[in-house]
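Each remark here refers to the structure printed beneath this line.
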Amino acid sequence: WGEALYRKARGQDADLWFVEEEQKSVSNERTFSHEEIALTELDATLSYLAQLVGKRLRELGLYARTITLKLRYANFETLTRALTLEEPTNLDAVIYETAYALFDRHWQRARAVRLLGIALSTLTPVPEQLSLLDAARRARLEKLARAADRVRDRFGFDILKTAKSLLRKIK
């Protein structure tokens, strides 16, 4: 065992270790270069973040049930608020609507924001069975999201965004 430790200490060990961990969450956040108080900029940033995490979730072939908003004020006070959905999703629009509802409920409008973030958790590879009507609508929306992902993969993420996220200042 001493000989093996000697080789390991010198980086000469040939044993490879692979640990596959299950993905626990997907998140993205944006720190502003200055304190932001404009609702249009904050809303546009939330829309952009929802698109980023939604794309990553679809790339992993996962659906999220819990959506968490991270909100940091200029004085570095940080709030995190989460909402668990009735059914898991990987759709940008659902992620944005949920994150915005949390933001609207908890943002103190007189206070400048330093950071916004969206995290998705309680991940599952397959959504639960929905009613036939919901399943058909969801399938169309997922097909649209995957088409947008293919365009973004080919030409870059910022080539295709929702109109709301176009209002985001580029910094």
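Among the residues that make up the stretch 76-97, is at least one of them among the charged types (D, E, K, R), touching a strand residue (DSSP E or B) at 6+ places or on another chain (Cβ under 7 Å), at pLDDT below 95 and surrounded by fewer than 15 Cβ atoms within 10 Å (Cβ to Cβ)? Lay out the reasoning, then the answer.
Quick first cut of the stretch 76-97, residues among the charged types (D, E, K, R) only: 77, 81, 86-87, 92, 97.
Adding the requirement that they be touching a strand residue (DSSP E or B) at 6+ places or on another chain (Cβ under 7 Å) leaves 81.
Filter again for at pLDDT below 95, leaving none.
No, every residue in the stretch 76-97 fails to be among the charged types (D, E, K, R), touching a strand residue (DSSP E or B) at 6+ places or on another chain (Cβ under 7 Å), at pLDDT below 95 and surrounded by fewer than 15 Cβ atoms within 10 Å (Cβ to Cβ).
Condition first: modelled with pLDDT under 90 and surrounded by 11 or more Cβ atoms within 10 Å (Cβ to Cβ). Can you find one or more residues in the stretch 9-32 that meet it?
yes
Does the stretch 130-141 contain any residue that is within 20 Å of residue 30 (Cα to Cα), touching an Asp or Glu at 6+ places or on another chain (Cβ under 8 Å) and open to solvent by 10 Å² or more (accessible area, probe 1.4 Å)?
There is no residue in the stretch 130-141 that is within 20 Å of residue 30 (Cα to Cα), touching an Asp or Glu at 6+ places or on another chain (Cβ under 8 Å) and open to solvent by 10 Å² or more (accessible area, probe 1.4 Å).
List pairs: first residue in the stretch 79-94 and closer than 11 Å to residue 65 by Cβ, second residue charged (D, E, K, R) and in a strand (DSSP E or B) anywhere in the structure, Cβ distance under 7 angstrom, at least six positions apart or on different chains.
Once the first residue is closer than 11 Å to residue 65 by Cβ and sits in the stretch 79-94, its partners that are charged (D, E, K, R) and in a strand (DSSP E or B) give 84/65; 85/65; 88/65.
When both residues are 6+ apart or on different chains and their Cβ atoms are under 9 Å apart, which pairs have a first residue that lies in the stretch 49-68 and is in contact (Cβ under 8 Å) with a residue 40 or more places away in the chain and of a type in the set (Phe, Trp, Tyr), and a second that is part of a helix (DSSP H, G or I) and open to solvent by less than 30 Å² (accessible area, probe 1.4 Å)?
Listed by first residue and then by second, the contacts come to 63/57.
Can you name every residue in the stretch 151-166 that is without any contact (Cβ under 8 Å) to a residue 60 or more places away in the chain and either surrounded by 11 or more Cβ atoms within 10 Å (Cβ to Cβ) or touching a helix residue (DSSP H, G or I) at 6+ places or on another chain (Cβ under 7 Å) (or both)?
151, 153, 158, 159, 160
Identify all residues within the stretch 56-65 that are within 11 Å of the chain's Cα centre (by Cα) and surrounded by fewer than 21 Cβ atoms within 10 Å (Cβ to Cβ); write none if there are none.
Correct list: 56, 58.
The values are calculated or read from the model by the stated rules, or taken from the named source; none is laboratory data. Everything quoted here is computed from the prediction, not taken from an experiment. Quick reminder, even Gly has a Cβ in these numbers, built from the backbone with ideal geometry, and neighbours come from all protein chains shown. Surface accessibility is based on the protein's heavy atoms, side chains included, excluding ligands, DNA and RNA. Shrake-Rupley method; radii C 1.70, N 1.55, O 1.52, S 1.80 Å.
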